[in-house]
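Colleague: Pasting a structure here, questions to come.
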Amino acid sequence: MTTDLTKKQTYASDKIARSFLILAMSYLLFGLLLGVIGGFQYILPSFLKNKLSFQQTRPLHVYLVITWIFTGAQAGLYYYLPRICQRKLYWEQGAKIHLLIQILVSVLIVYSFFMGEFGGREYLEFPPWLGAFMLLSWIPFVINFFFTLKPNYKNAPVYVWSWSTGILFFFITLSESYLWLIDYFHSNIIRDVTVQWKALGSMVGSWNMLVYGTGMYIMEKMSGDTKACRSPLAFFFYFLGLTNLMFNWGHHTYIVPAAPWIKMVAYIISMTELLILGYIIMQWRKTMSKSRKNYHRIPYRLLSFADGWIFLNLILAIAISVPAWNNYTHGTHITVAHAMGATIGINTMLLLASVYYILQQEGPAIFEKKRKITGTGILVTNFALLLFWVAMLGSGLVKISSKLNNETFYKLMQKSQPWFKFFTYSGTIVFAGLFILIVMAISLMRKKPEVSTLASDETGTAPLSADVYTKVSDKNQVSI
């Protein structure tokens, strides 16, 4: 064991973390590619129709992008956990088992889609039995998280609460999403749809908790401010987010004749997002000054763009949560704009900030050489994403106008074609920008760390370095 605190600490589990990072980036790459193919199928209906129809590209795209979000968060946690606790990963072999099961499940899901074998619901359109194996793959991850971290929630920073909540609600929501297999739910369309949107709406909240926790952790590491993630304000927004996770799914079911109180609670909870919006506006000047000061830092640049997308997407989310407006926006590309803004603008930017933060730690000299082209990729992605987002909104407004004027479907499609072309071409540029970031990240991951020092001995105890944000309670226990 080395006690030289000037050397970068590494752990045996870092190889597993890098493997998860490469897997996550692969999900993103192929998910984006299928999204581009799906876009071209909007304007060229015969494009790949006999080999890869839109009925296949859409669920493949959705599955791969969602899996990128979960896997990207897991990869970061496999890297961060030993560093937070200053001890090795509890069950390194379990992390390898997790990786193998996840790859196997992904191969089976992709194969089932290519073979035209469906059987699930929105987001989970693969045969239901594969959902059980997906749940199984998470068990080693859960064991490693709780037994490595051993969280003391009384003193834990908010990102530990956020990660824990995300993991817990993933299990709850994935289990709920298969309740339709039980006849009690399947035989009643209102009950079925309500429970499905409850489960899947909250599942979005679960991956948001994982991603936001990761974002808060790297912000703490980059700023050196350990108080912000333990402040009352941080926990206020955490519990506000938790409340939204559990209850604001109801705005998806405004059109379902369910109990009125469900819709009322959903509306009230959705409107609490105005507090977040107000806080962002209040902090805008401070954020802008910090962004100018730290813009040269790639992870900070990604976090800044995510901040901008949170602002835009919150405005849209609040708007479509108003029942009178939701009646028109539901089922249009306005909802898709909200989903894309959240998935790419917020979650992907935050996860890429995590990826590039890790890469910067692993090889700062090599990373610096790639900074210019990486910065270009970030700018291209976000500029094109803004155009893509506007195109989706435009397409949605055309559909609303057509509905109000009782126009035929044919006329609607004619009017929508320019917007379809707009979002397809801008989406292709988004792919190009993210392709740069993905290729750069994978190429840097494949290089060996610049400094390699063993950070744990046989017992898993590591020397405490200057940037440790943990509290030592005894010789064998490091609590958070």
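The values are calculated or read from the model by the stated rules, or taken from the named source; none is laboratory data. Note that the structure is a prediction, hence the values are computed from the model and not measured. In this analysis, Cβ positions are derived from the backbone assuming ideal geometry, glycine residues included, and neighbour counts consider all displayed protein chains.
Colleague: For residues that are more than 18 Å from residue 395 (Cβ to Cβ) and of a type in the set (S, T, N, Q), scanning just the range 37-56, find the one that is surrounded by the most Cβ atoms within 10 Å (Cβ to Cβ).
Modeller: The extreme case among them is 56.
Colleague: Of all the residues that make up the range 138-186, how many are of a type outside the set (A, V, I, L, M, F, W, C) and closer than 17 Å to residue 123 by Cβ?
Modeller: Selection size over the range 138-186: 6.
Colleague: Here's a follow-up. Which of the residues spanning the range 213-230 are at pLDDT 90 or above and hydroxyl-bearing (Ser, Thr, Tyr)?
Modeller: Once the filter is applied, which keeps residues that are at pLDDT 90 or above and hydroxyl-bearing (Ser, Thr, Tyr), the range 213-230 yields 214, 217.
Colleague: Select from the range 87-113 the residues that are aliphatic (A, V, I, L, M), in contact (Cβ under 8 Å) with a residue 40 or more places away in the chain and assigned to a helix (DSSP H, G or I) and list them in ascending order.
Modeller: The answer is 95, 97, 99, 103, 109, 110.
Colleague: Which members of the range 397-442 meet the condition of being among the β-branched types (Val, Ile, Thr) and closer than 28 Å to residue 377 by Cα?
Modeller: 424, 428, 429, 430, 436, 438, 439, 442
Colleague: Out of 397, 386, 393, 412, report the one residue that is part of a helix (DSSP H, G or I), within 20 Å of the chain's Cα centre (by Cα) and of a type in the set (A, V, I, L, M, F, W, C).
Modeller: Selected residue: 386, the only one of 397, 386, 393, 412 that is part of a helix (DSSP H, G or I), within 20 Å of the chain's Cα centre (by Cα) and of a type in the set (A, V, I, L, M, F, W, C).
Colleague: Give just the number: which of (1) outside any helix (DSSP H, G or I); (2) among the charged types (D, E, K, R); (3) surrounded by 14 or more Cβ atoms within 10 Å (Cβ to Cβ) does residue 154 not satisfy?
Modeller: (3)
Colleague: Need the failing condition index for residue 210 against (1) modelled with pLDDT of 90 or more; (2) more than 20 Å from the chain's Cα centre (by Cα), just the number.
Modeller: The number of the failed condition is (2).
Colleague: Test residue 407 against the stated conditions and say whether it is modelled with pLDDT under 90, surrounded by 14 or more Cβ atoms within 10 Å (Cβ to Cβ) and among the charged types (D, E, K, R).
Modeller: Yes: the conditions hold for residue 407.
Colleague: Name the pairs: first residue in the range 114-143 and without any contact (Cβ under 8 Å) to a residue 12 or more places away in the chain and of a type in the set (D, E, K, R), second residue surrounded by fewer than 17 Cβ atoms within 10 Å (Cβ to Cβ) and assigned to a loop (DSSP other than H, G, I, E, B), Cβ to Cβ under 7 Å, at least 6 apart or on different chains?
Modeller: 117/127
Colleague: Can you tell me how many residues within the range 162-179 are surrounded by fewer than 21 Cβ atoms within 10 Å (Cβ to Cβ) and either farther than 25 Å from residue 218 by Cα or among the aromatic types (Phe, Trp, Tyr) (or both)?
Modeller: Count: 7.
Colleague: Can you name the helices (runs of 4 or more DSSP H) wholly within the range 160-266 that have at least 1 residues being in contact (Cβ under 8 Å) with a residue 24 or more places away in the chain and of a type in the set (Ser, Thr, Tyr)?
Modeller: It comes to 189-223, 232-247.
Colleague: Determine if the range 344-359 includes at least one residue that is polar (S, T, N, Q), touching a residue at least 12 places away in the same chain (Cβ under 8 Å), part of a helix (DSSP H, G or I) and surrounded by fewer than 23 Cβ atoms within 10 Å (Cβ to Cβ).
Modeller: So far as the range 344-359 goes, no, none of its residues is polar (S, T, N, Q), touching a residue at least 12 places away in the same chain (Cβ under 8 Å), part of a helix (DSSP H, G or I) and surrounded by fewer than 23 Cβ atoms within 10 Å (Cβ to Cβ).
Colleague: Restricting the range 194-226 to residues that are β-branched (Val, Ile, Thr) and touching a helix residue (DSSP H, G or I) at 6+ places or on another chain (Cβ under 7 Å), which is surrounded by the fewest Cβ atoms within 10 Å (Cβ to Cβ)?
Modeller: 226
Colleague: If you take the residues of the range 141-151 that are over 15 Å from residue 214 (Cβ atoms) and surrounded by 20 or more Cβ atoms within 10 Å (Cβ to Cβ), which of them is farthest from the chain's Cα centre (by Cα)?
Modeller: Residue satisfying both the conditions and the ranking: 148.
Colleague: Hey, any hits in the range 249-265 for a residue that's under 19 Å from residue 347 (Cα atoms) and among the charged types (D, E, K, R)?
Modeller: No, the range 249-265 has no match at all.
Colleague: Does residue 327 satisfy the criteria of being in a helix (DSSP H, G or I), closer than 26 Å to residue 212 by Cα and either out of contact with any Leu (no Cβ under 9 Å at 6 or more places or on another chain) or of a type outside the set (Val, Ile, Thr) (or both)?
Modeller: No: the conditions fail for residue 327.
Colleague: Follow-up. Could you check the range 330-366 and list, in sequence order, the residues that are of a type in the set (Val, Ile, Thr) and out of contact with any Phe, Trp or Tyr (no Cβ under 6 Å at 6 or more places or on another chain)?
Modeller: Scanning the range 330-366 gives 332, 334, 335, 336, 343, 344, 348, 355, 366.
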